[in-house]
Amino acid sequence: MDNNLLKSFKPAGDHNPIMTQRFGADPFAMIYKDRVYMYMTCDILTYDEAGKLTENTYQKIDTISVASSADLVNWTDHGVVYAAGKNGIATWGGNSWAPAACWKTIGGKDKFFLYFANSGNGIAVLTSDSPTGPFVDPIGGPLVSRDTPNCASVTWLFDPAVIVDDDGTGWLYIGGGVPSDDKASNPGTARVVRLTDDMIHLAEDPKPIENVAYLFEDSGINKINGKYYYSYCSNFNVTPEATEKLGFESGEILTMVSDKPDGPFAPYSAVLKNPGFFFGRGGNNHHCMFEFKGKYYIAYHSRILEEYMDLDGGFRSTNVDEINLDADGAPAKSTGTRKGVAQAGNFNPYECVPAATFASMAGLKTVPYLKGTDDMKLFAGEMLVNAGEKGSWMLVEGADFGTQGASSVSITSRSKAGIGICIYAGDSKAAEFKTGASDGFAEETFDLSSKLTGKTDIRFVFDGSEGDIRCWKFN
């Protein structure tokens, strides 16, 4: 294989973080049509007037990052939702933190709902006809604010989680923060509220979730075997005595259980220690748990990407690991890893694959594909791969060519002078070619040096020519 490959921001074989082209924190997973859609706070690097990297304060974050996967290893980048701020969708809001998403069939049509926190002072909701947008602000203001009953005193009115129950009822979970040190063991700042059928209004006044021990932030909700598991991150005031009694530490993901979506909830289990325990760099702990293809997983953020980038500012990226389950099939104490999860099914190389789909990469940029009058602020959608650096590459793991095999590959691209591409199947070169020059996107087909069969990893290596790749497929 080419010895001049650029170095990736994660080691070969590691699946965490799920993407390295940008940061993505506070993950929330939505399952739709056999794909996991991951919505993440889009951490951005910030610098002072002298150009020195500053600590992440989250104050400039007003976009939400979106990626999806059918196998939890190869992720398609869908760009960002310009959610808040003067150039965003919800112009009344200043920030977009900790997104949560769900879908529901309304009037015979699948509708998608994206909730996020306006800093620590309320919850917004956006709607769309697609998991990736374009999104709109259907109510032109906050869904939950300081004026909402039972919410004015919530220290941090943020971190939504949402569930659509089996009967179609939507429930929203929010809140966090410690009002004062003397209330650290029982802050009283969690809330739950039933949503209207259209998912964009409150059907009732929010009510407290009682006795959430050492609550800090990070609402989560799952229904497993008829039980409701509310989850959250503990605060950083957990004493050694409390740890011995309750079985958890500061900054740890915990669960509570109930027979009803709005409680009362009883303490259940510790699930995941602070990322600092596993990776050396600590900070806040934010998660979601989800079922996919018969297994349960936990998505959470860590700082391993910034570490690989030789940065240190509290910038976070999303990991996914499998969850351990107890005898009742409920989440139990689990482990955070750099290796991540095994591939959940094979990858189909015979369909048109969006170019911004890979398990890992180096030296590439993903850029929005804006078609004509597309409004950037509405964007999350199709992303292109910009192949502009020699030795840049992208890797798709576990492509299944079957027994019949593939003898050619089709590439849809645009470039003023063509793009030089080498394709490797495992360590063997499968093709080498240069695309034609084109002002617009054109599809071209190139023969492989030998037929590809079975299951293998596919690596695309670029020669440094400027241009954009839109999609590819094998034939």
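Please treat every number below as a calculation from the coordinates, not as lab data. Since this is a predicted model, take the numbers as computed values, not measurements. Don't worry about glycine lacking a Cβ; one is built from the backbone with ideal geometry, like all the others, and counts go over all protein chains shown.
Give K273/K333; K33/K109; K52/K86; K60/K111 a once-over and call out the pairs whose C-alpha atoms are over 18 Å from each other. As for pairs spanning more than 18 Å Cα to Cα, those are K52/K86; K60/K111.
With the simple spin-label model, which puts each label point 7 Å out from Cα in the Cβ direction, the K7 to K60 separation comes to 2.6 nm.
Looking at the stretch 166-241, the GluC sites (Glu not before Pro) that sit in a DSSP loop and have at most 16 other Cβ atoms within 10 Å of their own Cβ are E204, E210. Within the set of other residues whose C-beta is less than 14 Å from the C-beta of N346, count the net charge using Lys and Arg as +1 and Asp and Glu as -1. Once all neighbours under 14 Å are counted, the net charge is -4. A Förster distance of 35 Å, applied to the separation of the beta-carbon atoms of T243 and K109, puts the FRET efficiency at 0.10. Structure shown: which of K451/K473; K434/K455; K223/K260 lie over 18 Å apart, alpha-carbon to alpha-carbon? Cα-Cα > 18 Å for K434/K455; rest within. A simple packing score, the average count of other Cβ atoms within 10 Å per residue, orders the peptides 41-50, 284-293 as 284-293, 41-50, with the highest score first. Given R0 = 45 Å, the distance between the Cβ atoms of T46 and A417 translates into a calculated FRET efficiency of 0.80. Between D400 and K207, the contour length at 0.36 nm per residue exceeds the Cα-Cα span by 64.5 nm. Each residue of the stretch 224-230 was assigned a 3J(HN,Hα) from its phi angle through the Karplus expression (A = 6.51, B = -1.76, C = 1.60, θ = phi - 60°), giving 9, 6, x, 9, 9, 10, 8 Hz with x at Gly and Pro.
The phi torsions of the stretch 451-462, fed into the Karplus equation with coefficients 6.51, -1.76 and 1.60 and a -60° offset, translate into couplings of 5, 9, 10, x, 10, 7, 8, 10, 10, 9, 10, 10 Hz, rounded to whole numbers, with Gly and Pro shown as x. Phi-derived couplings, Karplus 6.51 cos²θ - 1.76 cosθ + 1.60 at θ = phi - 60°, listed residue by residue for the stretch 315-327: 8, 10, 9, 8, 10, 10, 9, 6, 9, 6, 10, 8, 4 Hz, with x used for Gly and Pro.
Each of K333 and K434 was given a label point 7 Å from its Cα along the Cα-to-Cβ line. The distance between the two points is 6.0 nm. Computed over the chain, relative contact order equals 15 percent, with contacts defined as Cα pairs under 8 Å that lie 6+ residues apart. Cα centroid separation, the stretch 54-70 to the stretch 257-277: 25 Å.
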